[in-house]
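The values are calculated or read from the model by the stated rules, or taken from the named source; none is laboratory data. Computed from a predicted structure; not experimentally measured. Note that we place each Cβ from the backbone using ideal geometry, even for glycine, and neighbour counts take in every protein chain shown.
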Amino acid sequence: MFEKLLMTPGPTNIPKRVLDKLSENILHHRTEEYSFLFSELNERLKYVFQTKNTVLTFPAAGTGGLEASIINTFSTGDKILAISIGDFGDRFIKIARIYGLDVDEIKISWGNAVTLDEIKNSIKDDHKAVILTHNETSTGAVNPIKEIGLYLKNKNKLFIVDAVSSLGGIEIKMDDWNIDILITASQKALMSPPGLTFIGISDKAFEFCKKSNIPKFYFDFIKAKETLEKEKPQNPYTPAVSLIAATNEALKIIQEEGLYNVYKRHEFLANKLRDEVIKMGLKIYTNKNALSNTITAISFDEPGKATYIKNKMEKEFNIVIAGGQGSYKGKMIRIGHMGCVNEKMIDKTLFALKNLI
Ligand SMILES: *Cc1c(COP(=O)(O)O)cnc(C)c1O
């Protein structure tokens, strides 16, 4: 089916129907046809974000979405609470600091999730926001964003969530869980080509945007919202038309399967993969209470083993997996199972793994 299976935490396998959209003629972005496509995309994004809020689309990697969320929402010197929990949690903190935010960190040891109590103990009146990675892709740990969101309800703080490797694979209810800014990207569970970031933004967050003093031009949320809300929705500048057409098709596939069936498929495949990996005598890196349904991290004590498996998987079995990040480079493999993934692909990956350990 695929020449090379992408069992990585992004980019992921792309269904043929989605790839085909990339070869269609380009719609001009100031035509009715484009507005129709863009409104379809916007409605479908609301469905996967489970929100009535505006979801903006920018041509960028997920990291661009994280950066845009910081520069639109805050002013220099604003105090926020963030969670250092792995490579991506730390990236979010780095971005906030580069723009002059005053970041208090909760440090969580790798492989674990933050708890609501730890948030309660660290949160202060002058924190303008809590920023958090939902699914920490470098460790395979999932944070309890529902509990945290419900706790933050009616507090004058924003709840900002990086869901780049979970949205569309693990349940997230933006509105019910009181998330003010929810960020994802096209190339992970949304099974689309890399290049787009999607950002859901609450009315409360837009109020913060109006007061923000950090300079921005291209990534301006307010400007993007204004053009999106025209009777014929548009973008302020030339959009990535082909990527939008492709993602629109991918979201249509998710709608056809049904969001809850998609979650259940991810859960079933993650459980199967983990059970079999444990049966092989391998060590799941992540704490049992924080396991992710989109990525599995397996750590190795034997030097060189992780790198050997990763390389052989690709050369001999045509399966691309990821290695470890940070201090786990060369000591971990990470298998992505998000988006366009089925039981056959999991079985193929397990077969290869069994042959290489
Ligand atoms: C992949 C990922 C990112 C960064 O996405 P890019 O598109 O590579 O910039 C950010 N956060 C998380 C949790 C991710 O998994």
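Run down Arg91, Arg97, Arg17 and say which single residue is within 12 Å of the ligand (Cβ to nearest atom) and either surrounded by fewer than 17 Cβ atoms within 10 Å (Cβ to Cβ) or free of Cβ contacts under 8 Å to residues at least 40 places away in the same chain (or both).
Values: Arg97 fails: within 12 Å of the ligand (Cβ to nearest atom); Arg17 fails: within 12 Å of the ligand (Cβ to nearest atom).
Result of the check over Arg91, Arg97, Arg17: Arg91.
Test Leu150 against the criterion of being of a type in the set (A, V, I, L, M), surrounded by fewer than 20 Cβ atoms within 10 Å (Cβ to Cβ), under 22 Å from Phe206 (Cβ atoms) and under 21 Å from the mean Cα position of the chain (by Cα), and give yes or no.
Working: of a type in the set (A, V, I, L, M): yes; surrounded by fewer than 20 Cβ atoms within 10 Å (Cβ to Cβ): yes; under 22 Å from Phe206 (Cβ atoms): yes; under 21 Å from the mean Cα position of the chain (by Cα): yes.
Here the answer is yes, as Leu150 does meet what is asked.
For Leu66, work out the one condition from (1) buried (at least 19 other Cβ atoms within 10 Å of the Cβ); (2) closer than 28 Å to Met345 by Cα it doesn't fulfil.
That leaves (2) as the condition not met.
Looking at segment 37-52, can you tell me whether even one residue there is in contact with a Ser or Thr (Cβ under 6 Å, 6 or more places away or on another chain), in contact (Cβ under 8 Å) with a residue 60 or more places away in the chain and of a type in the set (S, T, N, Q)? Let's see the steps before the verdict.
First, pick out the residues of segment 37-52 that are in contact with a Ser or Thr (Cβ under 6 Å, 6 or more places away or on another chain): none.
For segment 37-52, residues in contact with a Ser or Thr (Cβ under 6 Å, 6 or more places away or on another chain), in contact (Cβ under 8 Å) with a residue 60 or more places away in the chain and of a type in the set (S, T, N, Q): absent.
Consider Ile119 carefully, then state whether it is in a strand (DSSP E or B), in the same structural domain as Thr139 (by TED's automatic domain parsing) and more than 16 Å from the ligand (Cβ to nearest atom).
Values: in a strand (DSSP E or B): no; in the same structural domain as Thr139 (by TED's automatic domain parsing): yes; more than 16 Å from the ligand (Cβ to nearest atom): yes.
Taking the combined requirement at face value, the residue does not satisfy it.
In segment 182-197, which residue that is assigned to a strand (DSSP E or B) and among the aliphatic types (A, V, I, L, M) is surrounded by the most Cβ atoms within 10 Å (Cβ to Cβ)? Reasoning before the result, please.
Just the residues of segment 182-197 that are assigned to a strand (DSSP E or B), to begin with: 182-185, 196-197.
The next check asks that each one be among the aliphatic types (A, V, I, L, M); those that pass are 182-183, 185, 196.
Working: Leu182: 31, Ile183: 28, Ala185: 28, Leu196: 26.
Here the residue is Leu182.
Give all pairs with beta carbons closer than 7 Å in which a residue from segment 211-222 that is under 17 Å from Thr197 (Cα atoms) and assigned by TED's automatic domain parsing to the domain that holds Tyr237 meets a residue that is part of a loop (DSSP other than H, G, I, E, B) and modelled with pLDDT of 95 or more; count only pairs at least 6 apart in sequence or on separate chains.
Going by the 7 Å Cβ cut-off, the qualifying pairs are Tyr218/Tyr237.
For segment 332-351, which residues satisfy the criterion of being outside any strand (DSSP E or B) and either acidic (Asp, Glu) or buried (at least 19 other Cβ atoms within 10 Å of the Cβ) (or both)?
First pass over segment 332-351, keeping only residues outside any strand (DSSP E or B): 337-351.
Within segment 332-351, His337, Met338, Gly339, Cys340, Val341, Glu343, Met345, Ile346, Asp347, Thr349 meet the criteria.
Counting just the residues of segment 226-243 that are closer than 20 Å to Lys52 by Cα and in contact with a helix residue (DSSP H, G or I) (Cβ under 7 Å, 6 or more places away or on another chain), which one comes out surrounded by the most Cβ atoms within 10 Å (Cβ to Cβ)? Break it down into steps so the answer makes sense when it comes.
To start, the set of residues in segment 226-243 that are closer than 20 Å to Lys52 by Cα comprises 226-235.
Then keep just the ones that are in contact with a helix residue (DSSP H, G or I) (Cβ under 7 Å, 6 or more places away or on another chain); that gives 228, 232-235.
Values: Leu228: 18, Lys232: 13, Pro233: 17, Gln234: 18, Asn235: 21.
Here the answer is Asn235.
Pick from Tyr308, Tyr260, Tyr285: which is at pLDDT 95 or above, buried (at least 17 other Cβ atoms within 10 Å of the Cβ) and not hydrophobic (A, V, I, L, M, F, W, C)? Break it down stepwise before answering.
On the way: Tyr308 fails: buried (at least 17 other Cβ atoms within 10 Å of the Cβ); Tyr260 fails: buried (at least 17 other Cβ atoms within 10 Å of the Cβ).
After applying the criteria, what remains is Tyr285.
Given the options Ile80, Ile71, Ile98, name the one that is within 24 Å of Tyr218 (Cβ to Cβ), of a type outside the set (Lys, Arg) and touching a Ser or Thr at 6+ places or on another chain (Cβ under 9 Å).
On the way: Ile80 fails: touching a Ser or Thr at 6+ places or on another chain (Cβ under 9 Å); Ile98 fails: touching a Ser or Thr at 6+ places or on another chain (Cβ under 9 Å).
Of the residues listed, the single one that is within 24 Å of Tyr218 (Cβ to Cβ), of a type outside the set (Lys, Arg) and touching a Ser or Thr at 6+ places or on another chain (Cβ under 9 Å) is Ile71.
Going through Glu276, Glu302, Glu267, Glu249 one at a time, which residue ends up being touching a residue at least 40 places away in the same chain (Cβ under 8 Å) and over 30 Å from Glu24 (Cβ atoms)?
Details: Glu302 fails: touching a residue at least 40 places away in the same chain (Cβ under 8 Å); Glu267 fails: touching a residue at least 40 places away in the same chain (Cβ under 8 Å); Glu249 fails: over 30 Å from Glu24 (Cβ atoms).
The match here is Glu276.
Give the number of residues within segment 72-88 that are farther than 30 Å from Ile284 by Cα, surrounded by fewer than 22 Cβ atoms within 10 Å (Cβ to Cβ) and hydrophobic (A, V, I, L, M, F, W, C). Walk me through how you get there before you give the answer.
We begin by selecting, within segment 72-88, every residue farther than 30 Å from Ile284 by Cα; these are 72-80.
Okay, now just the ones that are also surrounded by fewer than 22 Cβ atoms within 10 Å (Cβ to Cβ), so 75-77, 79.
When the remaining residues are screened for being hydrophobic (A, V, I, L, M, F, W, C), the result is none.
Residues that pass the stated criteria total 0.
If you take the residues of segment 104-119 that are surrounded by 19 or more Cβ atoms within 10 Å (Cβ to Cβ) and over 18 Å from the mean Cα position of the chain (by Cα), which of them is nearest to Lys288 (Cα to Cα)?
Filtering segment 104-119 down to residues surrounded by 19 or more Cβ atoms within 10 Å (Cβ to Cβ) leaves 106, 108, 110-111, 113-114, 119.
Within this subset, residues satisfying the condition of being over 18 Å from the mean Cα position of the chain (by Cα) are 106, 108, 110, 119.
On the way: Ile106: 21, Ile108: 15, Trp110: 13, Ile119: 20 Å.
Out of the qualifying residues, it is Trp110.
In this structure, does Pro233 turn out to be more than 25 Å from Asp87 (Cα to Cα), of a type outside the set (Lys, Arg) and assigned to a loop (DSSP other than H, G, I, E, B)? First the steps, then the outcome.
Details: more than 25 Å from Asp87 (Cα to Cα): yes; of a type outside the set (Lys, Arg): yes; assigned to a loop (DSSP other than H, G, I, E, B): yes.
Taking the combined requirement at face value, the residue satisfies it.
Could you check how many residues of segment 167-181 are more than 12 Å from the ligand (Cβ to nearest atom) and either crowded, with 24+ Cβ neighbours inside 10 Å or not acidic (Asp, Glu) (or both)? Step through it out loud before you land on a result.
In the first step, residues of segment 167-181 are kept if they are more than 12 Å from the ligand (Cβ to nearest atom); the result is 168, 171-181.
The next check asks that each one be either crowded, with 24+ Cβ neighbours inside 10 Å or not acidic (Asp, Glu) (or both); those that pass are 168, 172-174, 177-181.
Final tally of qualifying residues: 9.
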